[in-house]
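Read the structure below first, then the notes.
No lab work stands behind these numbers, since they all come straight from the coordinates. Since the model is a prediction, treat every value here as computed from it, not as a measurement. Neighbour counts are summed over all protein chains in view; Cβ atoms, including those assigned to glycine, are modelled from backbone coordinates with ideal geometry.
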Amino acid sequence: MKHILIVEDDMTFSVMLQTWLTRKGFSVSSVAGVLAAKKSLAAGKVDLALCDLRLPDGEGIDLLEWLNEGKRDVPVIVMTSYAAIPSAVQAMKLGAKDYVAKPVNPEDLLQKINEIFAAAPTAVPREKPAPVTEGEEAYYLEGQSEAARQLYSYVKLVAPTTMSVLINGASGTGKEYVAKRIHRLSKRADKPFVAIDCGAIPKDLAASEFFGHKKGSFTGAIGDKIGAFVEADGGTIFLDEIGNLSYDVQIQLLRVLQERRVKPVGATTEVKVDVRLIAATNEDLKAAIAAGTFREDLYHRINEFTIYMPRLCERGEDIPLFANFFLDQANRELEKPVPGFLPEAMAQICRYRWPGNLREMRNTVLRAALLSQGAPIGVEHLGIDTAVGVSSSMLHDSDSERAKILSALRQCSGNKSKAAELLGIDRKTLYNKLKLYRIE
């Protein structure tokens, strides 16, 4: 097993990185300064050092010079958020194998590590993910669970095509990130990505938002407006919560998708557009079709390829990774160096069902970091009650699985959507299990 030494004085970042690399199959230790790093390198076998360039008792450059003087053949990857280019160039001249900029993209770092270790068998390099920010902030973590690997394999598969994609998943699961990831892996990556929240658009203004309008075409139209479809020309338009569109707007949208032309409100001529459509919903559109609130022809137009977003409770291996990831975000946002989670707090995080998914976890960790006032986060800071739901592993025991499903259905008076939520699985998974166990 390859041993990695982390030389980093930011304890939160160091703990998060150590946890992540350990899960990738490496043996990892950490120190907070140059002197401690020299002692570790002199005392034991270290296969690779990840070293920050600015440390309390010196600089990473000092460590590189010391390694050169002692002819110690230990590869070093430097990490810096200070004067990145000059510092990195100087470090490379002194023998550093590579460098990464902070905030560190974990998959980018893993790829560099694997290149140095000549593709170590415990950690297979994966494609560098395109980071997506909330506002202008921290990077998104894709995760390493089987559910995450399957999700992003579908993303990679469909991205280079011209197919319309429907992303189906609960609120807070990261649907917009997946839409952006598809765009960035597509042949349209250098063109605009325009996102529209269909649930936030008043019915009377939907046509204007989508297709634009001419000055004076209606009360309040004090100037010409370029609609989202023209703005996204050549690129991708993302319609979030598409199930909230009114029936009239659905008709107009279908026509645009078929003819690839838009007519701004109040205009006499049409504008040709070339856009790829990605839509998202947390609703059952087939049920909406049956109820007459969503057009079946539009459904088939937007649903050339479907991606189902797993709930956070279905991504057990990713839960501690996201918790540490969001804590790192919280530390930067609040400027409070919270060192990590106490073991019992992390255990509760892993047991909790997270009905609000990633969004709920991020808010919970942010609040906990504020309440802990710089101390490690404990159970009392989290404010979550694992009794309100079941463990994400509730259905892992196949012997009692049927009984648990029946119990959940009884508790929910036969409502399958609520039963699936109670069980911590998505509705599609529940339907498959109902069929498997012949439960009517």
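With Kirkwood's inverse mean 1/r over C-alpha pairs for Rh, give me the Rg to Rh ratio of the stretch 257-371, two decimals please.
Working: Rg = 21.8 Å, Rh = 18.2 Å.
Expressed as Rg/Rh, it is 1.19.
Highest mean first, what order results for 206-215, 190-199 on Cβ atoms within 10 Å?
Working: 206-215: 20.4, 190-199: 16.7.
Per-residue mean Cβ counts within 10 Å order the peptides as 206-215, 190-199.
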Fill in the blank from the handout: Log entry: pair-distance distribution for the chain, C-alpha pairs binned every 10 Å from zero, whole % per bin is 4, 18, 24, 23, 18, 10, 3, 0
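Over the stretch 312-388, calculate the relative contact order: mean separation of alpha carbon pairs under 8 Å at least 6 apart, over the residue count, as a percent. Write out the running numbers ahead of the final one.
Values: 92 pairs, mean separation 29.6, N = 77.
So the answer I get is 38 percent.
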Handout entry: Length-normalised contact order of the stretch 3-116 in % [C-alpha pairs under 8 Å, at least 6 apart]
Key = 22
Exercise for the section: Determine the calculated [θ] at 222 nm for the chain from helices alone, applying -39500 (n - 2.57) to every DSSP H run no shorter than 4 residues and normalising by the residue count; nearest 500 deg cm²/dmol. Expected result: -12500 deg cm²/dmol
Completion exercise
As a percent rounded to 5, the proportion of antiparallel DSSP bridges among beta bridges in the stretch 146-308 is 15
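Step through the table entries Lys187/Lys263; Lys215/Lys272; Lys102/Lys225, compare each Cα-Cα distance with 28 Å, and write down the pairs that go over it. Write out the running numbers ahead of the final one.
Working: Lys187/Lys263 26 Å; Lys215/Lys272 20 Å; Lys102/Lys225 39 Å.
Among Lys187/Lys263; Lys215/Lys272; Lys102/Lys225, the Cα-Cα distance tops 28 Å for Lys102/Lys225.
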Completion exercise
If the chain between Lys203 and Lys418 were fully extended at 0.36 nm per residue, the gain over the current Cα-Cα distance would be 74.4 nm
Handout entry: the stretch 312-388 - Rg over Rh from alpha carbon coordinates, Kirkwood radius
Key = 0.93
Problem - Ratio of the Cα radius of gyration of the stretch 3-116 to 2.2 N^0.38 Å, where N counts its residues - result: 0.95
Practice task
Add +1 for every Lys or Arg and -1 for every Asp or Glu among the other residues with Cβ under 13 Å from the Cβ of Gly223, and state the total.
Solution key: +2
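Note down the relative contact order for the chain as a percent, whole number, built from C-alpha pairs under 8 angstrom at least six residues apart. Don't skip to the answer; put the middle values down first.
Working: 735 pairs, mean separation 54.3, N = 440.
Once divided by the residue count of the chain, the mean separation gives 12 percent.
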Completion exercise
Charge tally for neighbours of Ala200 with beta carbon under 11 Å away, counting Lys, Arg as +1 and Asp, Glu as -1, is -4
Exercise for the section: Collect residues whose amide H, placed 1.01 Å from N in the peptide plane, falls under 5 Å from the amide H of Arg276; neighbours closer than 5 in sequence don't count. Expected result: Gly235, Thr236, Ile237
Exercise for the section: Taking amide H positions as placed in the peptide plane 1.01 Å from N, state which residues far from Val28 in sequence (5 or more) or on other chains have amide H under 5 Å from it. Expected result: Ile4
Exercise for the section: Work out the length of the dipole vector of the stretch 146-308 about its Cα centre, built from +1 on the beta-carbon of each Lys and Arg and -1 on the beta-carbon of each Asp and Glu, and round it to the nearest 20 debye. Expected result: 520
